[in-house]
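Sharing a structure, written as structure tokens. Questions coming.
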Amino acid sequence: MNRYTVLDIPGYEEVVRCDNTEVGFTSWIAVHNSNRGPALGGCRVWSYAREEDALVDVLRLSKGMTYKNSLARLPLGGGKSVVFADLSKVERVALFEAVGRFVDTLGGRYITAEDVNSTVEDMVAVKRFTRHVATVGASGNPSPFTAYGVYCAIRACVKFRYNRESTKGMVVAIQGVGETGGRLAELLVKDGCSIIASDINRENIAKLRERISFEEVSPDAIYEVPCDIFSPCALGGTLNSMTIPKLQCAIVAGSANNQLLEEIDGNRLFDRDILYAPDYAVNAGGVINISCEIDQDYDPERAKTETAKIGETVLDILRQSKSMKLPTHLIANRMAEELFGMQRAA
Ligand code: NAD
């Protein structure tokens, strides 16, 4: 049986904890802000070291979704759920059915979707107990749309930096060629770019080799290869005080979440005159695609057209950054905050 506890967390509209000892999990749902609409964000399952870590994660991630959904101009707020469980020890279907009941208690103020360690199949179990779940309709795998959004962002950066409509002849270094990085590489090769790639997973390198030609470098070497564009498509935190001085590129734009290890790393890129397209503006294609199945018939062409608007958003950020002489990550945050109506202290 699910047992619920409402938590009072300053700066968050609603945070609820759910304990279920029979199934064996604890979960939290956080609605950070719903000024633009119901809070959309995935359901992350993780075997955290401590309960506090799970709560910190849901708060951080839900806030991030408010910024991402707002900057993408979606009629959606920001929320997230995390499930603290050991998937090897729980009955998976029972777990996600219980999560479905939990999501339903928020009455549609929070909409869930798959995320790290939860799949579309898991969302089918969730949907048996709530209709407030996306991605089980027609929109499917978000990765092609995320990759397409990164591609549009890169084109916008190239236009801004070089006043060129095409990326033809450019060298792009891609860190991580999985679901998004691999697809991005294919799109760029079609435009006449050369790709330099690194990945710690040999299988993903081999899969990409079957589709395109590219140069491979080691995971450590990817930061210092001379290139026009560096595209982080693996992990968070890879732009930091150790890696930024090594970069030999003019533009950074990739799919990875939380690329800047610290806020100050955005300033470090700015000081080096490297154009940084803020991660959550760039990688919104997946959530834009999902939004196209909420309360409407899903149309993949419309999802693609909406995703392409990421290019306009990135251009807007770059222009404002130049005119205000401020790093792009700060401009993106301000734009998002205006869009979700956050009052800044004077
Ligand atoms: P993925 O797991 O399919 O691909 C990531 C790849 O990076 C893997 O091939 C992995 O082996 C590789 N990798 C890991 N560590 C590496 C390292 N140190 N050096 C080089 N390669 C390394 O994941 P994905 O779906 O492509 O997502 C990539 C990033 O984009 C993640 O940060 C994810 O949170 C973010 N993101 C993805 C989506 C989406 O729709 N898939 C949407 C928004 C954000």
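The values are calculated or read from the model by the stated rules, or taken from the named source; none is laboratory data. This structure is a prediction, so every number in the text was calculated from the model and none was measured. Neighbour counts are summed over all protein chains in view; Cβ atoms, including those assigned to glycine, are modelled from backbone coordinates with ideal geometry. SASA here: full protein model, heavy atoms, side chains in, ligands and nucleic acids out. Shrake-Rupley method; radii C 1.70, N 1.55, O 1.52, S 1.80 Å.
Report, to the nearest 10°, how far helix 51-71 tilts away from the longest principal axis of the Cα atoms in the chain, using its own Cα long axis and a range of 0 to 90°.
60
Using the heavy atoms of the protein chains alone and a 1.4 angstrom probe, what is the accessible area of region 44-100 per residue in square angstrom? Can you show the working numbers first?
On the way: 2290 Å² over 57 residues.
It amounts to 40 Å² per residue over region 44-100.
State the answer as a single residue: which of Gly192, Cys249, Val158 lies farthest towards the positive end of the charge dipole of region 156-295, with beta carbon charges of +1 for Lys and Arg and -1 for Asp and Glu, about the Cα centre.
Gly192
Check cross-link reach from Lys207 to the lysines: straight Cα distance under 26 Å, and skip same-chain residues fewer than eight apart.
Excluding near neighbours in sequence, the set is Lys168, Lys190, Lys304.
What 222 nm value per residue comes from the helices of the chain, counting each DSSP H run with n ≥ 4 as -39,500 (n - 2.57) and dividing by all residues, nearest 500 deg cm²/dmol? The partial results should precede the final answer.
On the way: 11 runs with 138 residues, N = 346.
That comes out to -12500 deg cm²/dmol.
Over the chain, what is the mean sequence separation of C-alpha contacts under 8 Å (at least six apart), divided by residue count, expressed as relative contact order in percent?
15
Please compute the Kirkwood hydrodynamic radius of the chain from all pairs of different C-alpha atoms, in Å with one decimal.
Its Kirkwood hydrodynamic radius stands at 20.6 Å.
If one takes the longest principal axis of the Cα atoms in the chain, at what angle in degrees, from 0 to 90 and to the nearest 10, does the Cα axis of helix 328-340 lie?
With both axes taken from Cα atoms, the answer is about 40 degrees.
May I ask you to derive the FRET efficiency for Val6 and Asn117 from their Cβ-Cβ distance with R0 = 35 Å, giving the value to the nearest 0.05?
According to the calculation, E is roughly 0.85.
Please state the relative contact order of region 143-340 as a whole percent: Cα pairs under 8 Å, 6+ residues apart?
Reported relative contact order: 23 percent.
How large, in percent, is the carbon and sulfur part of the accessible surface of the chain at a probe radius of 1.4 Å?
With neighbouring chains kept in place, the figure for the chain is 51 percent.
Okay, next question. Can you give the charge dipole size of the chain about its Cα centre, rounded to the nearest 20 debye, using +1 on the beta carbon of Lys and Arg and -1 on the beta carbon of Asp and Glu?
Dipole of the chain, to the nearest 20 debye: 800 debye.
Can you give the longest run of the chain that contains no GluC sites (Glu not before Pro) sitting in a DSSP loop with at most 14 other Cβ atoms inside 10 Å?
264-346
Right, something else. Between rounded, prolate and oblate, where does region 149-269 land on the alpha carbon gyration tensor, with a ≥ b ≥ c its root eigenvalues, rounded for a/c under 1.5, else prolate if a/b exceeds b/c?
Note, shape of region 149-269 comes out oblate.
I would also like to ask the following. Note down the accessible area of Lys322, probe 1.4 Å, to the nearest 10 Å².
Lys322 exposes around 140 Å² with every protein chain in place.
A follow-up question, please. Cut-off under 25 Å on the C-alpha distance; same-chain residues fewer than 8 positions from Lys89 excluded. Which lysines are left, in chain and number order?
Result set, ordered by chain and number: Lys80, Lys127.
Can you compute the FRET efficiency between Tyr298 and Ser194 using 1/(1 + (r/R0)^6), with r the Cβ-Cβ distance and R0 = 41 Å? Round to the nearest 0.05.
Efficiency computed from Cβ-Cβ geometry: 0.70.
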